[in-house]
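Heads up, the thing below is written out as structure tokens.
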Amino acid sequence: MKVKSSFIADVEFKEKSNVLTVTFRSGTRYAYKNFTKQKFARFKNAKSKSSYFATMIRGKYESKKLKPV
């Protein structure tokens, strides 16, 4: 889903696999493992997606850089 953010362009959550995929404005994409539905709801509802990402996601979940779309 597209998000209003100066840093993040798009986010996608796959509940079945608990993977959050974040696409940054630069085009870089990362997948974050073990992300829960509840945490995704908090991320979606955060006033600032960039701030939430920086404090609650980056460096706290196992991540993998993905190929650009």
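The values are calculated or read from the model by the stated rules, or taken from the named source; none is laboratory data. In this text the structure is predicted, and so the values were computed from the model without any measurement. Using ideal geometry, Cβ is built from the backbone for each residue, glycine included, and neighbour counts are taken over all protein chains shown. The protein model used for the area step is the full one, side chains on, heavy atoms only, and it has no ligands, DNA or RNA in it. Shrake-Rupley method; radii C 1.70, N 1.55, O 1.52, S 1.80 Å.
If you wrap the Cα atoms of the chain in a convex hull and average its projected area over all directions, you get 4.2 nm². Of the GluC sites (Glu not before Pro) found in the chain, those in coil by DSSP whose Cβ has at most 12 other Cβ atoms within 10 Å are Glu15, Glu62.
Excluding same-chain neighbours fewer than eight residues apart, the lysines reachable from Lys44 by a Cα-Cα span under 16 Å are Lys2, Lys4, Lys14.
Derived scalar couplings between HN and Hα for the range 43-48 equal 4, 4, 8, 5, 4, 10 Hz in order, rounded to whole Hz, by the Karplus curve 6.51 cos²θ - 1.76 cosθ + 1.60 (θ = phi - 60°), x for Gly and Pro. When a 1.4 Å probe is rolled over the protein heavy atoms, the share of accessible surface on the chain that falls to carbon and sulfur comes to 51 percent. Using the Cβ-Cβ distance between Lys14 and Lys47 with R0 set to 25 Å, the FRET efficiency from 1/(1 + (r/R0)^6) comes to roughly 0.55.
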